[in-house]
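Accompanying notes for the structure given below.
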Amino acid sequence: MTDQAEQASAAHSATPEIPGKPTSASRTTLSHIMTHGDTNLLGTVHGGVIMKLVDDAAGAVAGRHSGGPAVTASMDEMAFLEPVRVGDLVHVKAQVNWTGRSSMEVGVRVLAERWNESAPATQVGSAYLVFAAVDADGKPRTVPPVLPETEKDKRRYQEAQIRRTHRLARRRAIMELRERRVAEGFED
């Protein structure tokens with residue numbers, strides 16, 4: 001078992017033992033050809049269209065990994081690197097990078113290639129999303145630990161832990177600021 005897998009397993013020690021799943025078990029690619037209905041006023045594909053594809057692919061991965069419904073809790077660092085055009089074949093590649101008790105970080109890469117050319121696809125975007133696994137009542141449920149398989153998976157796992165630490169610190173700092181402002185008599 002890898003160090004990351006042991007850490008993931010330890011994170012679940014307070015709950016009944018759930019067998020881990022390798023990263024490859026839920027990895028997926030969603031492909032879609034861009035049409036005129038996907039464009040913005042500049043004639044390129046609207047960022048919201050790409051974001052929906054990212055959320056769709058990430059949601060499929062989160063549901064596969066968790067074995068049931070999972071909802072988007074947050075989207076971090078959505079980066080648009082290159083414009084996407086009508087006629088581009090877009091590939092959205094997603095995988096679980098990290099798991100907590102009921103949450104999962106899903107990493108997504110967006111690639112595009114011309115539908116009628118044989119040139120390699122170019123990375124046009126990336127994002128990190130956090131999903132929460134939920135039961136039929138919408139309450140959080142435990143997810144299996146992710147088991148990184150490759151050196152790249154292990155790096156992504158470690159980077160996801162850093163992003164999680166930053167998300168929690170940011171949330172804590174904002175809550176503390178709001179509490180101070182209320183104590184000072186400011187109402188937001």
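I need the peptides 53-66, 93-106, 127-140, 33-46 ranked by packing, meaning the mean over residues of other C-beta atoms within 10 angstrom, with the highest value on top.
Descending packing order for the listed peptides: 93-106, 53-66, 127-140, 33-46.
List the residue ranges in the chain for DSSP H helices whose C-alpha atoms run 27 angstrom or more along the long axis and whose Kyte-Doolittle average is -0.5 or above.
TM-like helix candidates: 47-66.
When DSSP assigns beta bridges and you keep just the ones with both residues in the chain, what percent turn out antiparallel, to the nearest 5?
95 percent
Where in the stretch 153-173 is the amide nitrogen less than 15 Å from a point lying 7 Å along the Cα-to-Cβ axis of R181?
171-173
Students sometimes get this wrong: rank E151, E117 by accessible area, probe 1.4 Å, all chains present, largest first.
E151, E117
Give, rounded to the nearest 20 debye, the magnitude of the charge dipole that the chain has about its Cα centre when Lys and Arg contribute +1 at Cβ and Asp and Glu contribute -1 at Cβ.
The dipole magnitude comes to about 200 debye.
Taking the structure as given and computing Cα Rg over 2.2 N^0.38 Å, which label from (i) 0.97; (ii) 2.27; (iii) 1.17 fits?
The value computed from this structure is option (iii).
Percent of accessible area on the stretch 31-188 owned by carbon and sulfur, 1.4 Å probe?
Answer for the stretch 31-188: carbon and sulfur cover 54 percent of the accessible area.
If you take the square roots of the eigenvalues of the alpha-carbon gyration tensor of the stretch 15-83 and sort them as a ≥ b ≥ c, do you get rounded (a/c under 1.5), prolate (a/b over b/c) or oblate?
Taking the square roots of the gyration eigenvalues as a ≥ b ≥ c, the stretch 15-83 is prolate.
Please work out the average accessible area per residue across the chain, using the 1.4 Å probe convention, and give it in Å².
On a per-residue basis, 57 Å².
The values are calculated or read from the model by the stated rules, or taken from the named source; none is laboratory data. Computed from a predicted structure; not experimentally measured. Backbone-built Cβ (ideal geometry, glycine too); neighbour counts: all protein chains shown. Surface accessibility is based on the protein's heavy atoms, side chains included, excluding ligands, DNA and RNA. Shrake-Rupley method; radii C 1.70, N 1.55, O 1.52, S 1.80 Å.
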